[in-house]
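Peer 1: Have a look at this one.
The values are calculated or read from the model by the stated rules, or taken from the named source; none is laboratory data. Everything numeric here is computed off the predicted structure, so don't read it as measured data. For neighbour counting, all protein chains shown are included, and Cβ atoms are generated from backbone atoms with ideal geometry for every residue, glycine included. Just the protein is used for accessible areas: all its heavy atoms, side chains included, with ligands, DNA and RNA removed. Shrake-Rupley method; radii C 1.70, N 1.55, O 1.52, S 1.80 Å.
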Amino acid sequence: HHLCAATALALWLEPVFQTIVFGQINLALACLILWDLTRPDGAPGRGVALGVAAGIKLTPAFFIAYLFLTGRVREATTALAAFAGTVLLGALALPAATVDFWTRRVFETGRVGKAWIVDNQSLQGLIARALHEAEPGLAWAIPAALTAATGLWLARRSTAHSPQAHSPHGVLLAALTTLLICPISWSHHWVWCVPLLALLIAGGRPRLAAAVAALFLARTFWLLPHQGDLDLRLPWWQQPLASPYPLLALALLPLLSTYMSTRAEVPPPRAEVDSPHGTRRVPRRLGRP
């Protein structure tokens, strides 16, 4: 019942609602990535699903860099091989289209839409609207590079503090970083809000989860005047309403990393045992003595 209720509520989150209305595959890609990255150690073919996801849509390739940086070299290599396999399959099926894409189309990010419109909830969209510049250039490229480096470092730090093969916080940090640094992250790409909310609730942060859910329900950027080029002429007080998702991600990057570090520093639980000298507290041991 709880799962059904959570699913029904998640449908009203703006990214989920939009990706379903548009018939997009973002939810399927997120599930592929999450399934692959959370499989147990030694699972056969771990990394293949991530490579296939990157072959379908290039942005998941950032998770391959995350794997290399966190020491999962075998998984990262498998993912790269799977990604190369999808490229080879495309070249065999459509050789002319493959050459055209990898030599020309892949660099034409503007062909999918204007980066400065409110639909684009990436760092580039935020900066373009804030500076009133259709092409912010280095004003976006330098912060994007710094964000990528910082996000990967925080994800690696979070994973290092986790007893699991993959830290849920590390995966979410990598996902948020990917959404920030992509030239274009349409609002329906932010379906990672669902695992983000699940992580916050499971981590005992109900108030923060409620605030995040409210932000993804609010649809503030659709309420702003954005016909024509009005997106580039928004006053300063409307800028947070026009870019809620990247601003949230920028705030959550250090928060998620700090939360994981704090949890790692919590001392192990202690248990009370009886002794001839009375009840005393001793460290709880894992496994057999």
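Peer 1: Would you calculate a helix-derived [θ] at 222 nm for the chain, using -39,500 (n - 2.57) for each DSSP H run of n ≥ 4 and dividing by the full residue count, to the nearest 500?
Peer 2: Here the helix-only value at 222 nm equals -18500 deg cm²/dmol.
Peer 1: So which DSSP H runs in the chain come out at 15 Å plus along the axis (Cα) with average Kyte-Doolittle of at least 1.6? Walk me through the numbers on the way to the answer.
Peer 2: Details: long enough: 26-37 (16 Å, 1.81); 73-93 (30 Å, 1.34); 138-160 (33 Å, 0.80); 168-181 (20 Å, 1.76); 206-218 (18 Å, 1.78); 244-265 (32 Å, 0.70).
Qualifying helices, which must be both long enough and hydrophobic enough, are 26-37, 168-181, 206-218.
Peer 1: Given points 7 Å out from each Cα along the Cα-Cβ axis, report the Asp100 to Ala202 separation in nanometres with one decimal.
Peer 2: Taking the two extended label points, one gets 4.4 nm.
Peer 1: For the stretch 137-236, with the dipole built from +1 on Lys and Arg beta-carbon atoms and -1 on Asp and Glu ones, taken about the Cα centre, which of Thr220, Thr147, Ser158 lies farthest toward the positive end?
Peer 2: The listed residue farthest towards the positive side: Ser158.
Peer 1: Okay, moving on. Cα-based Rg of the stretch 28-129 per 2.2 N^0.38 Å, rounded to two decimals?
Peer 2: So the stretch 28-129 has a normalised radius of gyration of 1.24.
Peer 1: Separation between the Leu92 and Val73 pseudo-spin-labels, each 7 Å from Cα along Cα→Cβ, expressed in nm?
Peer 2: 3.0 nm
Peer 1: If you don't mind, another one. Would you rank Trp12, Trp102, Trp116 by solvent-accessible area, highest first, keeping every protein chain in place and using a 1.4 Å probe?
Peer 2: Trp12, Trp102, Trp116
Peer 1: Which distance in Å, rounded to a whole number, links the C-alpha centroids of the stretch 9-64 and the stretch 91-118?
Peer 2: Each part reduced to its Cα centre gives a spacing of 21 Å.
Peer 1: Would you mind calculating the gained length between Ile56 and Ile25 on full extension (0.36 nm times residue separation, minus the Cα-Cα distance), in nm to one decimal?
Peer 2: 10.2 nm
Peer 1: Using a 1.4 Å probe on the protein heavy atoms, what percent of the accessible area of the chain belongs to carbon and sulfur? Numbers along the way, then the final one.
Peer 2: Details: 10690 of 15830 Å².
The computed percentage sits at 68.
Peer 1: In the stretch 101-143, which residues have a backbone nitrogen under 17 Å from the label point lying 7 Å from Trp236's Cα in the Cα-to-Cβ direction?
Peer 2: 127-133
Peer 1: Still on this model: Within the stretch 72-159, list the trypsin sites (Lys or Arg not before Pro) lying in a DSSP loop whose Cβ has at most 14 other Cβ atoms in a 10 Å radius.
Peer 2: Loop-located and lightly packed - Arg104.
Peer 1: I've got another one for you. For Ser122, what accessible area in Å² do you get when you roll a 1.4 Å probe over the heavy atoms of the protein chains, rounding to the nearest 10?
Peer 2: 0 Å²
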